[in-house]
Every structure is written in structure tokens, then in C-alpha cells.
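Colleague: Structure in C-alpha cells, see below.
The values are calculated or read from the model by the stated rules, or taken from the named source; none is laboratory data. Just so we're clear, the structure is a prediction, and the values are computed from it rather than from any experiment. A quick note on method: Cβ atoms are made from the backbone with ideal geometry, for glycine too, and the neighbour counts reach across all protein chains shown. Only protein heavy atoms, including side chains, enter the accessible area calculation; ligands, DNA and RNA are left aside. Shrake-Rupley method; radii C 1.70, N 1.55, O 1.52, S 1.80 Å.
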Amino acid sequence: MEGLLLLEDGSLYRGQGFGAAATQVGELVFNTAMTGYQGALTDPSYKGQVINMTYPLIGNYGVSEVDNQSERIHAFGLVTRDISFRPSNRMCVMTISEWLEQQGVPGVYNVDTRAITKRVRAEGTIKCVISTEGIPREEAAERMKDTPLRTDYMREVGTRELQIISPSEQTTTTSAPRVAVLDFGIKRGIINSLAKRGCEVWLFPYGTTAEEILAAKPDGLFLSNGPGDPEACTAGIETTRALLDRLPVFGICMGHQVIALAAGARTYKLKFGHRGANHGVIDLETGRSAITSQNHSFAVDPDSVRTAGMAVTHLNLNDGTVEGIRHESLPVFSVQYHPEGSPGPTDSRGLFDRFVSIMGKGGERNA
């Protein structure tokens, strides 16, 4: 089937379609990872976005039953130079085309993804329409014009009700730290990282109040990743602000930005964001650098961090943007990247150990 990608500036790319026969309007972004397409597509942080992969061959190891980061594909579409219809992997259960078709997601291949990436780098993330339904350009343009982009998907991609996940490591009832997680669209890898360290994870939906979280008597608060503009995460910011001086707090990605906003700092949108598994980050406090996995459109303003009683702890080695912060006087810290991700492959996982250690110093839960 025919595949079409039309950008808001009028740029048109025609190729072959795969996956579902569908049309979607979203924000076009690019991802520089060579592997991990299944985790990326199921990362809730990609909700509302069409992913253009810079690596030319996607789908060569198919789709497995164990690599999803959530229950379904959240990205609105996938663009790639070429795909494999005959994957080679002992864990493969279906091709990427079959998977996208099952999930109702359109894909386009046999287009110049290098040219698309260069356009996004030059102009910034841009509204687009992706279609595999054979619609004419004029209809695609009209659909794009009539469909606004949303910035508040974090309100709906997470859990809808409280979930309790038991530790995956042996602990006693009294020794298992209870972590309250405010879910803006959390990845399974983060939940697993906490559970593997003996944490009892209480997953709270968006809109949970500080009082409801404190009623669970947690030892710490974790703020998850998620899609959209952090300034639109108003309920999350309000809850976090009320808990900053009540609990140890750790945030990743959207959670990092929410902590900054709750403390009084500012965020801003990057021109084309950071997405991939090869981003260098330096820890300013240890001098060590790490290769990290990232997926975000927004960053924290460094000057506002310093005036909000916080310190910048990590910087991106490519563009110098803020990648980590900590509070000067409270047990509160966060990073922009994903320490549970595989690049490195274990460069940054000690951040979870640090959080568990901080919670252990907070006293008995019922005190």
C-alpha cells in the first residue's frame, strides 16, 4: 500500500505503507537509536508523536513478548528507510508490520529519513500527517489543519487506579521501602528497577493529591516520565510542591521537569528534543560521564534552577542542557534521562540505589 508523510511546511514524502491502514496527525520527531524500536513505540512519552528512525533498517529482530514498556503502542506512527518482513530472533513472535497492524498504527518506509531528520533539525519538531490509506495530498493537508496537537497526554496514559506492585527481591514487610509513584506515563523498566531493589511500588494515577499519597505512608515519592508539556501537568506540579519537604523525592524525565517547576524553576521547549540511546551526559559532582537513553522535548532552564534553591548536577555533553538537578537542602533529586535504559549498559542505574538509600535514612514509616 502507498505511504504518505506530509509536513506542516508543505514538504511531502511518498513511500510504501506498512502496519495498519490508517491516518494520524501528530508531531514529527526523530530517534537516533540503532535498536530498541519496540520499547520506543510502547513508551507512553511518545504519545501523540510520529517517530522518524535515523537508523535505516527497522524490524530486523521482529517483536517479542518481553520488550514492551507498556500495554500498547503509544506513538502515532513510524517512519523508516527500510523494514524487515523476515526478522531473525529466537524470541520473535511477529513482524513489526504485523504488530503495527494489530495495534492500528500506520507506518511508512522507503522514504529519505536522512532528509526528514535534517529538516526537523533545521526547523524543529513539526506537525505532520502520516497515512497508509491512499488519501490525496489535499485531504491530508485538511486533516492536519483540522487536528490540533495536544500537550496534556500525561493525564491519560498512566494508570487509572491505584496499583500495588510487590518487591521482586526478598525483603521483610518492615524493610521494604514503600515508594509512592505519581504516574504520568511510566515505563515498565522503571517499575522493575524499583521492585528489583526491594521496593513496594504504589502506583498512583494522575490527579492524586498530596493528602492521598501521604495516607499511604510512603517512604519516598517517585515522579515518572510522560508525554507532553510539563507546564500542562498542573495537578502533578501542585501535588509535588506540597510533598517536596515531606518525603525523599526522585524524578525521571517528565518527573524531573515537574520537580523543577514545583520548586519554582522554569522549563522550555527544545528545538528538536533528545531521542535515542547514545546521548552523553556528565555528572558535575563526580566528573564521570555516561551514555544515556533519552526521550524528551523540554528542558529545565539552568538559571531558574539556581534561584529555586536547587543545583545543576548533570549536563548534556552535546548541547550543554540540564540533565540533572538536586535540592540544596532537601532529599530531592532528578535526572532528565532514563537510568533504567540499557546504554552503558549500567552507567546510571546507581541513581535508583541512591534513592533507596535516601529513603532508608528517613526513619520508620509509621513514626
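Colleague: Which condition number in (1) surrounded by 20 or more Cβ atoms within 10 Å (Cβ to Cβ); (2) of a type outside the set (D, E, K, R); (3) farther than 16 Å from residue 265 by Cα is the one that residue 308 fails?
Modeller: Of everything listed in (1) surrounded by 20 or more Cβ atoms within 10 Å (Cβ to Cβ); (2) of a type outside the set (D, E, K, R); (3) farther than 16 Å from residue 265 by Cα, residue 308 misses just condition (3).
Colleague: Among the numbered criteria (1) open to solvent by 50 Å² or more (accessible area, probe 1.4 Å); (2) assigned to a strand (DSSP E or B); (3) of a type in the set (A, V, I, L, M); (4) within 28 Å of residue 214 (Cα to Cα), which one does residue 330 miss?
Modeller: Evaluating residue 330 over (1) open to solvent by 50 Å² or more (accessible area, probe 1.4 Å); (2) assigned to a strand (DSSP E or B); (3) of a type in the set (A, V, I, L, M); (4) within 28 Å of residue 214 (Cα to Cα) leaves (2) as the failure.
Colleague: If you don't mind, there's one more thing I want to ask. What residue, among those in the stretch 12-30 that are in contact with a Phe, Trp or Tyr (Cβ under 8 Å, 6 or more places away or on another chain) and not small (Gly, Ala, Ser), is surrounded by the most Cβ atoms within 10 Å (Cβ to Cβ)?
Modeller: 18
Colleague: Continuing with the same structure: Somewhere in the stretch 32-55, is a residue open to solvent by 10 Å² or more (accessible area, probe 1.4 Å), of a type in the set (Lys, Arg), part of a loop (DSSP other than H, G, I, E, B) and touching a residue at least 12 places away in the same chain (Cβ under 8 Å)?
Modeller: Taking every residue of the stretch 32-55 in turn, at least one turns out to be open to solvent by 10 Å² or more (accessible area, probe 1.4 Å), of a type in the set (Lys, Arg), part of a loop (DSSP other than H, G, I, E, B) and touching a residue at least 12 places away in the same chain (Cβ under 8 Å).
Colleague: List every residue pair whose Cβ atoms lie under 8 Å apart, where the two residues are 6 or more positions apart in sequence or sit on different chains, the first residue falls within the stretch 83-98 and is of a type outside the set (Phe, Trp, Tyr), and the second residue, located anywhere, is part of a loop (DSSP other than H, G, I, E, B) and open to solvent by 80 Å² or more (accessible area, probe 1.4 Å).
Modeller: 91/65; 91/66; 93/65; 95/85; 95/86; 97/85
Colleague: Taking the criterion of being surrounded by fewer than 22 Cβ atoms within 10 Å (Cβ to Cβ) and aliphatic (A, V, I, L, M), would at least one residue in the stretch 271-281 satisfy it?
Modeller: no
Colleague: Would you be able to say whether some residue in the stretch 299-320 is touching a residue at least 60 places away in the same chain (Cβ under 8 Å) and of a type outside the set (A, V, I, L, M)? Explain how you work it out, then say what you get.
Modeller: First, the residues of the stretch 299-320 that are touching a residue at least 60 places away in the same chain (Cβ under 8 Å): none.
There is no residue in the stretch 299-320 that is touching a residue at least 60 places away in the same chain (Cβ under 8 Å) and of a type outside the set (A, V, I, L, M).
Colleague: Looking at (1) in a strand (DSSP E or B); (2) open to solvent by 30 Å² or more (accessible area, probe 1.4 Å); (3) over 23 Å from residue 60 (Cα atoms), which is the only condition residue 9 fails?
Modeller: Looking at each condition in turn, residue 9 falls short on (1).
Colleague: How many of the residues in the stretch 112-137 are closer than 25 Å to residue 21 by Cα and either surrounded by 15 or more Cβ atoms within 10 Å (Cβ to Cβ) or not small (Gly, Ala, Ser) (or both)?
Modeller: Keep residues of the stretch 112-137 that are closer than 25 Å to residue 21 by Cα, which gives 112-117, 125-137.
Narrowing further to those that are either surrounded by 15 or more Cβ atoms within 10 Å (Cβ to Cβ) or not small (Gly, Ala, Ser) (or both): 112-114, 116-117, 125-133, 135-137.
Residues that pass the stated criteria total 17.
Colleague: Scan the stretch 282-295 and tell me whether some residue there is touching a Pro at 6+ places or on another chain (Cβ under 9 Å), open to solvent by 20 Å² or more (accessible area, probe 1.4 Å) and either part of a helix (DSSP H, G or I) or hydroxyl-bearing (Ser, Thr, Tyr) (or both).
Modeller: yes
Colleague: Consider residue 293 carefully, then state whether it is at pLDDT 95 or above, within 23 Å of residue 44 (Cα to Cα) and not aromatic (Phe, Trp, Tyr).
Modeller: Numbers: at pLDDT 95 or above: yes; within 23 Å of residue 44 (Cα to Cα): yes; not aromatic (Phe, Trp, Tyr): yes.
So residue 293 fits the description; yes.
Colleague: Residue 195 versus (1) touching a Lys or Arg at 6+ places or on another chain (Cβ under 9 Å); (2) of a type in the set (A, V, I, L, M); (3) more than 24 Å from residue 244 (Cβ to Cβ): which is the lone unmet condition?
Modeller: (1)
Colleague: Follow-up. Suppose we keep only residues that are among the hydrophobic types (A, V, I, L, M, F, W, C) and farther than 19 Å from residue 191 by Cα within the stretch 220-243. Which one would you say is surrounded by the most Cβ atoms within 10 Å (Cβ to Cβ)?
Modeller: Taking the stretch 220-243 first, the residues among the hydrophobic types (A, V, I, L, M, F, W, C) are 221-223, 232-233, 235, 237, 242-243.
Going one step further and asking which of them are farther than 19 Å from residue 191 by Cα, we end up with 232-233, 235, 237, 242-243.
Working: 232: 16, 233: 27, 235: 17, 237: 20, 242: 15, 243: 24.
Checking each candidate, the answer is 233.
Colleague: Have a look at 311, 277 and point out the one that is touching a Gly at 6+ places or on another chain (Cβ under 7 Å) and part of a strand (DSSP E or B).
Modeller: Values: 311 fails: touching a Gly at 6+ places or on another chain (Cβ under 7 Å).
Of the residues listed, the single one that is touching a Gly at 6+ places or on another chain (Cβ under 7 Å) and part of a strand (DSSP E or B) is 277.
Colleague: Would you pick out the residues in the stretch 179-230 that are part of a helix (DSSP H, G or I), without any contact (Cβ under 8 Å) to a residue 40 or more places away in the chain and in contact with a helix residue (DSSP H, G or I) (Cβ under 9 Å, 6 or more places away or on another chain)? Give the steps one after another, and end with the answer.
Modeller: Of the stretch 179-230, the ones part of a helix (DSSP H, G or I) are 188-195, 210-215, 230.
Adding the requirement that they be without any contact (Cβ under 8 Å) to a residue 40 or more places away in the chain leaves 191, 195, 210-215.
Across the stretch 179-230, the qualifying residues are 210, 211, 212, 213, 214.
Colleague: Could you pull out the residue among 315, 351 that is under 22 Å from residue 177 (Cβ atoms), under 19 Å from the mean Cα position of the chain (by Cα) and surrounded by 14 or more Cβ atoms within 10 Å (Cβ to Cβ)?
Modeller: Values: 315 fails: under 22 Å from residue 177 (Cβ atoms).
None of the other options fit; the residue is 351.
Colleague: Of all residues in the stretch 56-111 being among the hydroxyl-bearing types (Ser, Thr, Tyr) and farther than 12 Å from residue 41 by Cα, which is most open to solvent (accessible area, probe 1.4 Å)? Lay out the reasoning, then the answer.
Modeller: The first filter runs over the stretch 56-111 and keeps only residues among the hydroxyl-bearing types (Ser, Thr, Tyr), leaving 61, 64, 70, 80, 84, 88, 95, 97, 109.
Subsequent filtering for residues that are farther than 12 Å from residue 41 by Cα retains 61, 64, 80, 84, 88, 95, 97, 109.
On the way: 61: 53, 64: 8, 80: 0, 84: 20, 88: 98, 95: 18, 97: 19, 109: 41 Å².
Ranking the qualifying residues of the stretch 56-111, first place goes to 88.
Colleague: Looking at residue 140, is it aliphatic (A, V, I, L, M), touching a residue at least 12 places away in the same chain (Cβ under 8 Å) and either open to solvent by 40 Å² or more (accessible area, probe 1.4 Å) or farther than 30 Å from residue 1 by Cβ (or both)? Give the derivation first.
Modeller: On the way: aliphatic (A, V, I, L, M): yes; touching a residue at least 12 places away in the same chain (Cβ under 8 Å): yes; either open to solvent by 40 Å² or more (accessible area, probe 1.4 Å) or farther than 30 Å from residue 1 by Cβ (or both): no.
Taking the combined requirement at face value, the residue does not satisfy it.
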